[in-house]
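In what follows, a single structure is set out as structure tokens and then discussed.
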Amino acid sequence: MQRGSDRMSVHRDDEMKHELQGLLRSGHPTRSEEWNDPEPAAEDDPDVMYGPVTPGRGPTYLEALRLELARNLTRASFPASPRELTRTLRRGNAPDALVENLERLPHKARYDNVQELAVALTENGGTGTDGPPAR
């Protein structure tokens, strides 16, 4: 015997079970509109559509570095030299490791966008050797 203290009726409870049945069986949302999902995916959720995320399947170092740079630098920051970018990162309280890598780049080099900067950092390993041609 139910006492009636539930917040939902028996009919609504059955309706909710039916709505979640596809999700529980398939393991992924079954609705065509993401906004209509019971719990939409967040931007920083790992991509698990094709199986578990393993160290080899994660974003490459270049992609991760480019994302971190884009979080801390705007389009207005470019074109700029490593010194100018370092000042911008320090003002924005960017992670110290990111700032230190920029300090190792050739001082006369200029970068037009985040992609060029990320490529220079990954190719040089942040050591400052053989940067892109100075402009």
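The values are calculated or read from the model by the stated rules, or taken from the named source; none is laboratory data. All of these numbers come straight from a predicted model, not from anything done at the bench. Cβ sites come from the backbone with ideal geometry, for glycine too, and all protein chains shown count toward neighbours.
Would you mind telling me which numbered condition in (1) assigned to a loop (DSSP other than H, G, I, E, B); (2) surrounded by fewer than 18 Cβ atoms within 10 Å (Cβ to Cβ); (3) not small (Gly, Ala, Ser) THR122 fails?
For THR122, the failing item is (1).
Among the residues of the range 73-103, what is the count of those that are surrounded by 17 or more Cβ atoms within 10 Å (Cβ to Cβ), free of Cβ contacts under 8 Å to residues at least 40 places away in the same chain and not in a helix (DSSP H, G or I)?
Here the count works out to 4.
Mind checking which residues of the range 66-98 are within 14 Å of GLN115 (Cα to Cα), modelled with pLDDT of 90 or more and among the aliphatic types (A, V, I, L, M)?
LEU69, ALA70, LEU73, ALA80, LEU85
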